[in-house]
Structures are given as structure tokens and as C-alpha cells.
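*Asks:* I have a structure I would like to understand better, so I am pasting it below and will then ask my questions one at a time.
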Amino acid sequence: MCNEKNGAFTIITIDGPAGAGKSTVAKKVANILGYEYLDTGALYRAIALYLIGRKIPPVESEEMREALSNVEIFFDNERIYLGDRDVSAEIRTVEIETTVSAYAKLGAVRRKLLEIQRKIGTLGNIVADGRDMGTVVFPNAVLKIYLVAELKERAKRRWKDLRANGRDLSLAEVEAQLKKRDEEDTKRENCPLRVPDGAFVIDSTGFSADQIAEKVVGLAEKLLRTEERTNES
């Protein structure tokens, strides 16, 4: 279902707080539509890994800006690379998980990631999930989704994922981490988490990822059909 008009590719954004199911849903939607999935969370983690490896703290500095000007990050077959190094596993460590937010809120980091994300967006039809996809990165996306869920359900989902990956945290600890992350994301100075203009707000509480993906695909197909009829008239 590729759609390209006047050289512009279709972009679908899925924003929302941590644990709402954005990544899972975005992957499913991309698979159903035959689009590429833009894993923005992996990009931020890769940047954090890169800066930590160079012992650059999460504080705006000339050293950080210089380092970011030389970083090369790209995806290949759903793997993420820093230069020629596959860091798909390294970015999922406890250290990166607990420090990525400190780097993600910095203007220098966000400007670099904005450049990378928009470049990827020119390569084809994509589904992008994150916290500012529909507000900052792709404000003209054909479809914007804001995915939410109750805190306790988000915490339970994240806790199950962590347990599956061998992480031994209590459900209460995970819930506290998510609550803290919500506060940081909504109150940060650079590109705070908010509902994009024109977005469809979907509450995933009590629904499976497949059910939510089906709803998003339905919205996408309806919008694209409307665009086609408009262009034909």
C-alpha cells in the first residue's frame, strides 16, 4: 500500500508516553502496510551509547557538539549501527536504559536526531514512533496517533518485557521509573511530550497490540482513500 504523491512519501507517526505500546504497534502497522519502521528509541539509545563511550556527560558542551557532528548512525535489516559497529544489543543494557533520558532532553542531541530522522523520512513510506514525531519531527505526517494507557498497565507491560530480558526489577520499581519518566518528558524544555495537532488519541488500556494496530491501519487506509479521491476530483 505504498503511497507517493508529488515526490512526498506517506509518514505515519505514533507518539505517547513510555510503555503505551508505541513500538510494538508501530512495527505491526509498518508490517501490515508494507512500510519501513523508524525506531526512534533505538536512535536515542545509540546516541547515548556513543556519548557515554566517549565519557561525555549529559550536559550541553562544545565537546558534545563536536562529537555529535561526527557520529554516523543507520539501520540495516532492523539492526542499528554506530559507524560499522552493530550496537543493537548494547543499546538495551541497564546503563543505557537509565541514562538515555538525560541525554534525550538536550538540545544538541535532539537537533542531531532531528537531522537523522528527517533524512530517514525522505527514503520511503515509514511509521515512526516516539515522543515528538508528530509535533516536531514530522508535523505534516498524513496520520498522527497519540497512544496512551493507564500507568499501572504500562508498568505491567514494561515489567514483563524486562523480566523476559533477564532484568530483575519489581513491578513497583518499574511503575516508579515510568512515573518519573512521564514527568521528565512532559516538563522538559526541549520538545516536551504532548498530543500533536490533529492526532487521533487512542487508549490502549485493555486492548492487545494487534487490536490497536488494526485500528491504526483502518485510520490510515481511510485517510489515504480520502486523499486519492481528492486528488482525482
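*Asks:* Which value, in debye to the nearest 20, describes the size of the charge dipole of segment 156-204 about its Cα centre when Lys and Arg Cβ atoms bear +1, Asp and Glu Cβ atoms bear -1, and nothing else is charged? Display every interim value, and only then the final one.
*Replies:* Values: 12 positive and 11 negative charges, 46 e Å.
So the dipole magnitude of segment 156-204 works out to roughly 220 debye.
*Asks:* What ranking do 53-62, 205-214 get when scored by the average of other Cβ atoms within 10 Å per residue, highest first?
*Replies:* Numbers: 53-62: 12.1, 205-214: 15.5.
For the peptides 53-62, 205-214, the packing ranking is 205-214, 53-62.
*Asks:* Just to confirm the number: angle between the C-alpha axis of helix 151-164 and the first principal axis of the chain, 0 to 90 degrees, nearest 10?
*Replies:* Helix 151-164 and the main axis of the chain meet at about 70 degrees.
*Asks:* Hand me the chymotrypsin sites (Phe, Trp or Tyr not before Pro) from segment 45-100 located in a DSSP loop with no more than 14 other Cβ atoms within 10 Å, in residue order please. Don't skip to the answer; put the middle values down first.
*Replies:* Values: sites: Tyr50, Phe74, Phe75, Tyr81; in loops: none.
Qualifying residues, ordered by number: none.
*Asks:* Please identify the GluC sites (Glu not before Pro) of segment 66-163 that satisfy two criteria: DSSP loop assignment and at most 12 other Cβ atoms within 10 Å. Which are they? Show your work: numbers first, answer last.
*Replies:* Numbers: sites: Glu66, Glu72, Glu78, Glu90, Glu95, Glu97, Glu115, Glu150, Glu153; in loops: Glu72, Glu78, Glu150.
Listed in order of number, the matching sites are Glu72, Glu78.
*Asks:* Could you tell me how many degrees, from 0 to 90 and to the nearest 10, lie between the Cα long axis of helix 209-232 and the main elongation axis, the longest principal axis, of the Cα atoms of the chain?
*Replies:* Tilt relative to the chain: about 50 degrees.
*Asks:* Still on this structure, please answer the following. Dimensions of the chain along principal axes (Cα, Å, largest first)?
*Replies:* Here the Cα extents, ordered largest to smallest, are 58, 40, 33 Å.
*Asks:* Could you please report the charge total around Ala102, scoring K, R as +1 and D, E as -1 over all other residues with beta-carbon less than 13 angstrom from its beta-carbon? Can you show the working numbers first?
*Replies:* On the way: positive: Arg45, Lys105, Arg110, Lys180, Arg181, Arg188; negative: Glu60, Glu95, Glu97, Glu184, Asp185.
That sum, taken over residues with Cβ under 13 Å, equals +1.
*Asks:* On C-alpha positions alone, give me the angle between the axis of helix 171-187 and the longest principal axis of the chain, in degrees, nearest 10.
*Replies:* 70
*Asks:* Can you give me the long-range amide H partners of Ala149? Hydrogens built in the peptide plane at 1.01 Å from N, cutoff under 5 Å, separation of 5 or more residues or another chain.
*Replies:* Ser204
*Asks:* Among Val142, Val29, what is the fewest-to-most ranking by other Cβ atoms within 10 Å?
*Replies:* The fewest-first ordering by Cβ neighbours comes to Val142, Val29.
*Asks:* With just the Cα atoms of segment 41-114, tell me how far they stretch along each of the three principal axes, in Å, largest first.
*Replies:* 33, 25, 20
Each reported figure results from applying straightforward, stated rules to the coordinates on display, with no laboratory input. The structure presented is a predicted model; accordingly, all values stated were derived computationally and were not measured. We place every Cβ from the backbone using ideal geometry, glycine too, and count neighbours over all the protein chains shown.
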